[in-house]
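S.K.: Have a look at this one before I ask anything.
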Amino acid sequence: MTISFYRLIWALPVAFALHVFEEFATGYPAWATMVTGHPMELPTFLGSNIAFIVIMALLVRWAAKAQSTRAVFWMLAWAAGNLFWNFVYHFACVLAYDRNSPGLITATLIYYPLSLALWQAALAEKIVRPATLAGAIAAGGAFMGAVAAFGIYHLGGA
C-alpha cells in the first residue's frame, strides 16, 4: 500500500523540523564553524531554518489546495533542496571531513527515503511529468548549493 502524493507531502515540514532538531541537538552550528572557519551563530541557524520550515509548510499547503503544476513544482523544488540535496550535503561532508556531520541520521533515515517516495508518488499518480520533476530536483540542487556556498561556507564573502 502506498500513501497518496497529496497525503505524503504533509510529512515534509514535519521531517524538516525533526532534522533541524537533530542538527540543533547534535551541535551542527559548532560543527559548521569548526569545518568552515566561519562562525554560525545559533540565532542565524535557528532563524533561517524556522523560516525555511514555514516556507515548506506554506508550499505544501499551496500544492495541496491548488493541485496545479506550478504549485507542485515549487513545492517539489523546495523539498528537493531542503531534503534530498541536504542528505547529499551531509553525506558528502562525512566523506570530505572524515567525521560525522550533525544531521546525517535524519537525512539518511528520513530525508532520502521520503524524497524517493515523494517522487515515485508524483510520477505514479501523474501529478507531474518526468521532465517537470527533473527540473524541480535541479532547481532544488541549485538552491541547496547556494545555501551551502554562501550561507555555510561564505563563498566570496567574509
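S.K.: Search the range 25-39 for residues that are over 15 Å from Asn86 (Cβ atoms) and pair each with any residue that is assigned to a helix (DSSP H, G or I) when their beta-carbon atoms are under 6 Å apart and the residues are at least 6 apart or on different chains.
M.R.: Between residues of the range 25-39 that are over 15 Å from Asn86 (Cβ atoms) and residues that are assigned to a helix (DSSP H, G or I), the close pairs are Pro29/Leu42; Pro29/Phe45; Val35/Tyr97; Pro39/Thr33.
S.K.: Residues in the range 107-141 that are surrounded by fewer than 18 Cβ atoms within 10 Å (Cβ to Cβ), closer than 29 Å to Glu41 by Cα and touching a residue at least 60 places away in the same chain (Cβ under 8 Å): how many?
M.R.: 2
S.K.: Going by the conditions given, is Leu8 over 14 Å from the mean Cα position of the chain (by Cα) and without any contact (Cβ under 8 Å) to a residue 24 or more places away in the chain?
M.R.: Criteria not met by Leu8.
S.K.: Regarding the range 6-18, can at least one residue be identified that is modelled with pLDDT of 95 or more, in a loop (DSSP other than H, G, I, E, B), of a type in the set (Val, Ile, Thr) and within 27 Å of Pro130 (Cβ to Cβ)?
M.R.: Scanning the range 6-18, I find at least one residue that is modelled with pLDDT of 95 or more, in a loop (DSSP other than H, G, I, E, B), of a type in the set (Val, Ile, Thr) and within 27 Å of Pro130 (Cβ to Cβ), so the answer is yes.
S.K.: Here is a follow-up. Could you list all residues from the range 85-99 that are free of Cβ contacts under 8 Å to residues at least 40 places away in the same chain and not β-branched (Val, Ile, Thr)?
M.R.: Once the filter is applied, which keeps residues that are free of Cβ contacts under 8 Å to residues at least 40 places away in the same chain and not β-branched (Val, Ile, Thr), the range 85-99 yields Phe87, His90, Phe91, Ala92, Leu95, Ala96, Asp98, Arg99.
S.K.: Residues that are closer than 20 Å to Ala15 by Cβ and not in a helix (DSSP H, G or I): does the range 102-117 have at least one?
M.R.: yes
S.K.: Exactly one of these conditions fails for His154: (1) touching a residue at least 40 places away in the same chain (Cβ under 8 Å); (2) part of a helix (DSSP H, G or I); (3) over 18 Å from Ile3 (Cβ atoms). Give me its number.
M.R.: Failing condition for His154: (2).
The values are calculated or read from the model by the stated rules, or taken from the named source; none is laboratory data. As the structure is a prediction and not an experimental result, all values here were calculated from the model. Note that we place each Cβ from the backbone using ideal geometry, even for glycine, and neighbour counts take in every protein chain shown.
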